[in-house]
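Below is one structure; the comments refer to it alone.
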Amino acid sequence: MNRAATAIVIGASITGLLAARALSERFGRVVVLDKDDLSGADGPRKAVPQGQHIHVIWSGGAAAIERLLPGLWAEMRDRGAVAFDNSRDMRWFHRGVWKLRVPTAFAMHSQSRPLLEQRIRARVAALPGVEILERATVRELLWEAGGARVVGVRVAEGRGATRELAGELVVDASGRASRLPEWLEQHGYARAPESTVGIDLKYASRLYEIPLDGSRDWQVMAVYGGPPQSRRAGVIFPIEGGRWIVTLSGCLGDHPAGEEAGFLEFARGLDRPELYEAIAAARPLSEIAVYGFPTEVRRRYEALARLPGGVIAMGDASCAFNPLYGQGVSVCALEAEALARCVAARPRTERVDTDHLPRRYYRAAAPIVARAWLLASATDLLFPEARGPRPPALGLFGWYNRQILEASSVDEVVLSRFLEVLHFLKPPTALFAPSILLRAGRWALGRRPAAPPDAD
């Protein structure tokens, strides 16, 4: 470890905290800066408007967090978070069918965002050399003469004057509002190419007391429609405190309401009535929180021919996914592991090469992001009204995706492979393995003899 080296992380989000953990073994000092007041923050933070909504973790992401912070999930369960089998314990209606419910190895973790963030923050803050500074807003990056690399940040703490904070590496984990594209452009660098999908998503969440009902055989319920016909979805997840968090979502003009009658009426209009029936008589414990997400954005920093040393973007600062698919936390955990591998590329006695680290990191993170982006963006682009360039063979993707989803209602092998991809345990190409193609084809021939649409 180079004890003289300092790394700076912009944002004490889950991404920022996991980045700090990844850096802590190779930098003597890691300073995490956040504009919020974090002391005693038991509820959702002002800077995290999505904090009132459900945050679940897929198995691959949960395993990455556990490797970075051993014992975290046992601690979370001790505090009331819920672990459940993504098949056996979940009643899941998807694209016109109920999925099979069988025991699997695909565990998910369900908890409120504040609890998850608090426990990760407490673990990271206890690491040697890590400092978390509250009410600290980064105004700009500091550059060495000539602009070849970033050497720190200018930060304002509270309402006081700004000061300079020097560092060998700056990690931008500031989220969707990242100013890194503008900062790079101001110093002569090209903006990263962007891919966008306009989906106009809004979702509304409310806490309920879990009803006492001995006949209920599920812990989680999800009702998903599917493009192009159905724009609505609804989920019920258990969280700490014996509570349900119920989230309703809709896109492209079909949005849930922020008042009770409209919220329930939207739930009544889902593709199946079971979710509405489950919450209609349940006791609400909170107001309805509404959050809007107009556009998915992927910034392809790995595609830039020229990058400055000493600065990288992670999490939503580089790719903001449609939150309906719950990919964000898992992706940022896998990104943090990729960062840890990159900074450990040299022996511990040598200085971390932060001049070339951005290129190495972006190359390592690109496949992680690309896999999640493919699944989310291609699915959303099946809505004709979604805004964004269509990839080649989108029609064929939509047809085959439907065969996989429908076959998962009867075929345990197809279901298992589908879940492996969702849980970041296999890449999307695993859905095209010969055995899965054969099973999906049998389903299509048995239920829908018509040929798939043209690939264009």
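The values are calculated or read from the model by the stated rules, or taken from the named source; none is laboratory data. As the structure is a computational prediction, the values presented were derived from the model and not from experiment. Every residue, glycine among them, receives a Cβ derived from its backbone with ideal geometry; neighbour counts consider all protein chains shown. Surface areas here come from the heavy atoms of the whole protein model, side chains and all, with no ligands, DNA or RNA. Shrake-Rupley method; radii C 1.70, N 1.55, O 1.52, S 1.80 Å.
At 1.4 Å probe size, with the rest of the protein present, what percent of the exposed accessible area of the chain is carbon and sulfur atoms?
With neighbouring chains kept in place, the figure for the chain is 52 percent.
For the stretch 364-425, how big is the tail of P(r) above 14 Å, as a whole percent of Cα pairs? Distances greater than 14 Å cover 64 percent of the Cα pairs. Quick one: divide the alpha-carbon radius of gyration of the stretch 101-143 by 2.2 N^0.38 Å and tell me what you get. Cα-based Rg divided by the globular estimate yields 1.91. Scanning the chain for trypsin sites (Lys or Arg not before Pro) lying in DSSP loops with no more than 15 further Cβ atoms inside 10 Å, the longest uninterrupted stretch between such sites is 352-456.
Counting pairs on different chains as well as pairs 8 or more places apart, how many Lys pairs in the chain have Cα atoms under 30 Å apart?
Values: K35/K46; K35/K202; K46/K202; K99/K202; K99/K426; K202/K426.
Close lysine pairs found across the chain: 6.
Relative to the longest principal axis of the Cα atoms of the chain, the long axis of helix 328-343 makes an angle of roughly 40 degrees. The residue list N322, W73, I8 was ranked by how far each Cα lies along the charge dipole of the chain toward its positive end, using unit charges on Cβ atoms, and I8 comes out on top.
Compared with the dominant principal axis of the Cα atoms in the chain, helix 412-422 is inclined by about 30°. Bridges between two residues of the chain, per DSSP, are antiparallel at a rate of about 70%. Per-residue ellipticity at 222 nm computed for the chain from its helices equals -9500 deg cm²/dmol, with DSSP H segments shorter than 4 residues left out and the rest contributing -39,500 (n - 2.57). At the listed q of 0.06, 0.11 Å⁻¹, the Debye profile of the chain, built from one uniform point per Cα, gives log10 I(q)/I(0) equal to -0.27, -0.90. Overall shape of the stretch 133-244 was characterised from the C-alpha gyration tensor. The equivalent ellipsoid obtained from it has semi-axes of 45, 22, 11 Å, in decreasing order. Rounded to the nearest 10 degrees, the angle from helix 357-380 to the longest Cα principal axis of the chain is 20 degrees.
If each residue of separation counts as 0.36 nm, what is the full-extension length gain between R154 and S215 once their alpha-carbon separation is subtracted?
16.1 nm
Projecting the Cα atoms of L264, L201, A107 onto the charge dipole of the chain (Cβ charges, centred on the Cα centre) puts A107 farthest toward the positive pole. Averaged per residue, the stretch 130-282 has 43 square angstrom of accessible surface, using a 1.4 angstrom probe with ligands and nucleic acids left out.
In the context of the full set of protein chains, residues of the stretch 390-450 present 49 Å² of accessible surface per residue (probe radius 1.4 Å, heavy atoms only).
Over the chain, Cα pairs under 8 Å with separation of 6+ residues give a relative contact order of 20 percent. For the stretch 254-370, the normalised intensity computed at q = 0.12, 0.18 Å⁻¹ comes to -0.63, -0.94 (log10 of I(q)/I(0), Debye sum over alpha carbons, equal scatterers, no solvent).
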